[in-house]
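The values are calculated or read from the model by the stated rules, or taken from the named source; none is laboratory data. None of the values given here were measured: they were computed from a predicted structure. Neighbour counts are summed over all protein chains in view; Cβ atoms, including those assigned to glycine, are modelled from backbone coordinates with ideal geometry. Accessible surface areas use protein heavy atoms only, side chains included; no ligands, DNA or RNA. Shrake-Rupley method; radii C 1.70, N 1.55, O 1.52, S 1.80 Å.
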Amino acid sequence: MTDERNKMTQNVPSDLSVVRFSSVRAQEIVALTKMIENPQCTKLLFQKLPCHMRRRAMSHNPNRMPRTLREAHKAQMAKSGPATQPKRPRRKYRRRPSRLLEEYKKRSSKVSWLETHLWHAKRFHMVIKWGHRLPERSCARSHRFCYRSVAQHCLLMDISYLCCVEIQGPQDEIVRGLISLCDPKTGPTFGASTFLNGTREGRVIIFKRNQFSSGPIGLVTFLWCNTGNPDMRTLWIWSHPAFYQQFLCELNSIFESDSDLLCKPPGVKITLNKGKLNRFRLRGPFAHSVVSSLFDKETRSASSLSQSPGFVTSVEVRDPRMILAQTRIKASSSTVGNCELVGLSQSKLWDASVRDQITNMRTSLPDHVINNRRSELLVPGTELPVQPEEIPIPILIVNASHESSDFVPGCDVILPAGWATAFWLALIYSGGHAGGLKDAGSMNFEYGICRDLCLEIDSEAGKATAVDRKMNLMEEYFRRPPKTRTNFIKLATPFPFCVDWDRLTIDWIGQSESGFTVLRDKKLLSGLCQKNRIVLPEILLSQPYLVPVTVRVKHGSPQEFSMICLPGADDKVNSVINEPIHQDPCAKERKMLRQQHSSLLKSLAKKRKEFRDKDGTIGDFSSATAIAVHKEKTRSLWLPSSCNLKTSFARPIIGFVTQGDFGLSEGKGIGRGYIVIRAISQIPLSLVLVRNPGTNLYMWAEITME
Amino acid sequence: MSEGTNDSATGVRQEQVPNSKKIRYDPEEYKLRKRLPARLPSRSNDVYVNNKTDFKAQLARCFNCLETESSVHIHGLGAAAPKAINLALQLQLKSNTPLEISVNTSTVHLIDDFEPQYDSGDFYSKERQNSAVIIKVYKLLNMDMNEK
């Protein structure tokens, strides 16, 4: 040790040059400072952390790094590409009821849900229509089951998508304004005395202001409030969402305003009650007994509901969640009284503030609280006694009105917003069978009821629906390969996807200024229905009117777009008549077009290849436009060209069927359709011929006008 | 025009007319709508007869009931009463086992609604009566008293 010390002391110089020493030291300092200030490191941040601070999760979770280093670490991580997507939560987690509500809020910007949506979505095929997501048909129940529900039990539908408009003001002002919208020849209007006192609900077809000859807007139902002095009355009008905007425009132009809360100085106020009321429809013989299960025992035994058509009853019921049955029970008939519960006092449902208060009460007493209380009861499944927070809920029960010759008893229940699910479950548990849009259509077809849920063929909404349907059917048709497509040109079907009523009226009557309309004048219609046919004046016959008819076939059934034709003078009843196969002049053209198109595609592909080998791009030899043009041309060659409906076929066509199927209520094939009024006098013995689209057999059928 | 008393309990006008002068309604002003009769509970051996369904089908249905049950109750209202009677008699003729018939007649209250066709009219209902027949057709149960 002393040796080393001696060695070290031996080499130490005795004197040093200050300048040289400091310059070398300065260089050292500069080099060190440079190195500190410009770190050149090949290691990542997390590799330079001391061992005891490193964590496994910091490779994907930057929050595990010390705060000061977090940003730098994130920047380094971002350099290696975007982060992996967070794992999607598992299906069970996604479907929890609380999350479903969030889902709704996200999705509801485009389509709105009914309040009972979640119940329906689990059991029905849903469809998007008119800005709503609506149940179309049941997943489990078949068409026949739903028909039987209407015929023998009780069918239940949520029709809260109907839009309600409230008009308040002096009675005379309102009636005067609205009278320009309805044609008094089609039946009672808004000002009819029988509806003015608010005991019945009425239905009326509305037109564009003072234009009764062009098509209608649609069928609406209306209800006056049964109290109020003539200076301040309230009217509710329920319209279908398909023509709601059009209806609002007409109301605006009548009552002259331009904002959501419309106000006219004399005091007619229009409010849009869009989300504030719910409406359920029950149809069937047991409808009234299902509804009376909502009442408490005293009301049920004391007075039973009458079936007087259109009659309105206002009742106050308990919260249905308190008295919900434990299991579903089958509906049974109860004695239906003839006495009409006279509800002279105004239902609280008309009062907007009370309605809002009741809606808020729904959220203040949630389901799980009530379920807890029910589970604490001594006897499980009994009704909960009246709770301190409960207030009675006002509802309106509107009986079904006579719409056609078949009367199907039933009622509509109108409730405040927020309570739909509670009442829906109560009605289902009491024996109602749920139905969707398809069942509404089937009720319209079988019995002619629920017309306010269906659109008129001569209204704008009806025409738009027909165009949509045409597009869908055409897409389906052209999706099939050419060999399996029905050749409508050869099989002489002029309108396989959509009926052109204008063409029909032009062929029979000639050009006219207004398009076709359906005859709705009650006097004329009843005149046509009578056995001894009255002779119609020539002025009437030259108008482009269509008359609604029903055709009944003995064997087989008519379909949508079936043709109704006049039998010839010599045709024997029930003889077999066939339409001869027509020539298809377009077949050659189609074949030629196909060959031309395939050669064009090949040449374009060749040119693209040459160009690509030279240039590297495809240039402008893309075949997209050629394909589009060819598609259009071929499609037009497959569809039958327009022809004279009176002369082009073996028997002249007088009308078409709009709904045709096997009618379960009658047990034979039925078609509901329209014919031109001019042809009525030429029908011998109420017998016509019906030919289905894509077939050439004429079936003999009986025709009746409703 | 005779007086019609308004029965305030039922809200239904009951007309008391002399036979010579019956009040007709103006078909232009009103449309007559018949309401369905009250729906009675039907057990499996109740058969309601109507004029629209084929006779053979209804006969077959009665035979079906008789196979499982010991009796069939055939109900017929108004114009379907003769058809119901015919059905019961045919049943007795064509069946293999001897059948006994017991007939009861009754009156059913029906309501007609008058629907106004124009603004001026008002809804009202009239009650009327119709005759109904219930025919009970039952198998004879042979009780052999001498069996030991």
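In the protein assembly as shown, a dipole from Cβ-located charges (positive for Lys and Arg, negative for Asp and Glu) runs towards its positive end, and of A:Ala464, A:Cys450, B:Gly78 it is A:Ala464 whose Cα lies farthest in that direction. Among A:157-163, A:516-522, A:590-596, the peptide with the highest mean count of other Cβ atoms within 10 Å heads the list, and the full ranking is A:157-163, A:516-522, A:590-596.
Helical runs (DSSP H, four residues minimum) scored at -39500 (n - 2.57) apiece and divided by the length of chain A put the mean residue ellipticity at 222 nm at -10000 deg cm²/dmol.
Summing Cβ point charges (Lys, Arg +1; Asp, Glu -1) relative to the Cα centre of chain A gives a dipole of roughly 4320 debye. The portion of the accessible surface of chain A made up by carbon and sulfur, rounded to a whole percent, is 54 (1.4 Å probe; DNA, RNA and ligands excluded).
Relative protection proxy for A:492-500, A:283-291, from highest mean packing down: A:283-291, A:492-500 (other beta-carbon atoms within 10 angstrom). Would segment A:93-136 count as rounded, prolate or oblate if I go by the C-alpha gyration tensor, calling it rounded below 1.5 in a/c and otherwise prolate when a/b exceeds b/c, oblate otherwise? Oblate, since a/c reaches 1.5 and b/c is not below a/b.
Applying 1/(1 + (r/R0)^6) with R0 = 60 Å to the Cβ-Cβ distance of A:Arg54 and A:His132, what FRET efficiency is obtained, to the nearest 0.05? That gives a FRET efficiency of 0.60.
Each of A:Leu155, A:Ile670, A:Ala587 was placed along the dipole of the protein assembly as shown (beta-carbon charges, centred on the mean Cα), and the one lying farthest toward the positive end is A:Ala587.
Seen against the Cα atoms of chain A and their longest principal axis, helix A:244-255 is set at about 70 degrees.
Using the Karplus relation 6.51 cos²θ - 1.76 cosθ + 1.60 with θ = phi - 60°, the per-residue 3J(HN,Hα) values for segment A:117-129 come to 4, 4, 5, 5, 5, 7, 10, 10, 7, 9, 9, 9, 9 Hz, with x marking Gly and Pro. The residue among A:Leu536, A:Ser641, A:Val499 whose Cα reaches farthest toward the positive pole of the charge dipole of the protein assembly as shown, with charges on the beta-carbon of Lys, Arg, Asp and Glu, is A:Ser641. Scalar couplings 3J(HN,Hα) for segment A:270-277, obtained by applying the Karplus form with A = 6.51, B = -1.76, C = 1.60 to θ = phi - 60°, are 10, 10, 9, 8, 4, x, 9, 10 Hz; x denotes Gly and Pro.
Under a 5 Å amide H cut-off, with hydrogens placed 1.01 Å from N, A:Gly198 pairs with A:Trp224 among residues at least 5 apart or on other chains.
Going by the alpha-carbon gyration tensor, a ≥ b ≥ c the square roots of its eigenvalues, is chain A rounded (a/c under 1.5) or, if a/c is not under 1.5, prolate (a/b greater than b/c) versus oblate? In terms of gyration-tensor shape, oblate. Once backbone amide H atoms are built at 1.01 Å from N, A:Ala434 has A:Leu156 as its partners under 5 Å, excluding neighbours fewer than 5 places away on the same chain. The H on the amide N of A:Ser112, modeled in the peptide plane, is under 5 Å from the matching H of A:His132, A:Arg133, each at least 5 residues off or on a different chain. Does segment B:50-141 come out rounded, prolate or oblate, given a ≥ b ≥ c as the square roots of the eigenvalues of its C-alpha gyration tensor, rounded meaning a/c under 1.5 and, failing that, prolate meaning a/b above b/c? Prolate shape, in that a/c is at least 1.5 and a/b is the bigger ratio.
Counting only other chain Cβ atoms within 10 Å of each residue's Cβ, the peptide B:118-129 averages 5.
The dipole here belongs to segment A:632-678: it is taken about the Cα centre, uses +1 on the Cβ of Lys and Arg and -1 on the Cβ of Asp and Glu, and is about 220 debye. Which angle between 0 and 90 degrees, to the nearest 10, do you get for helix A:460-479 versus the longest principal axis of chain A when only C-alpha atoms count? Taking the Cα atoms of chain A, the angle to A:460-479 is about 70 degrees. Cα centroid separation, segment A:427-485 to segment A:163-231: 28 Å.
Summing charges over neighbours of A:Arg479, with a neighbour being any other residue whose Cβ is under 14 Å away from its Cβ, gives +3 when K and R count +1 and D and E count -1.
How many Å² of accessible area per residue for segment B:44-141, probe 1.4 Å? Here the residues of segment B:44-141 average 54 Å² of exposed surface. Pairs A:Lys330/B:Lys94; A:Lys522/B:Lys52; A:Lys348/A:Lys438; A:Lys92/A:Lys330: which exceed 30 Å Cα-Cα? Checking Cα-Cα distances, A:Lys330/B:Lys94; A:Lys348/A:Lys438; A:Lys92/A:Lys330 exceed 30 Å. The simple spin-label model puts a point 7 Å past each Cα toward its Cβ; for B:Thr97 and A:Asn578 those points are separated by 5.4 nm. Stretched out straight at 0.36 nm per residue, the stretch from A:Lys74 to A:Leu685 would grow longer than its current Cα-Cα span by 211.1 nm.
Note on A:192-198: average number of Cβ atoms from other chains within 10 Å of each residue's Cβ is 4.
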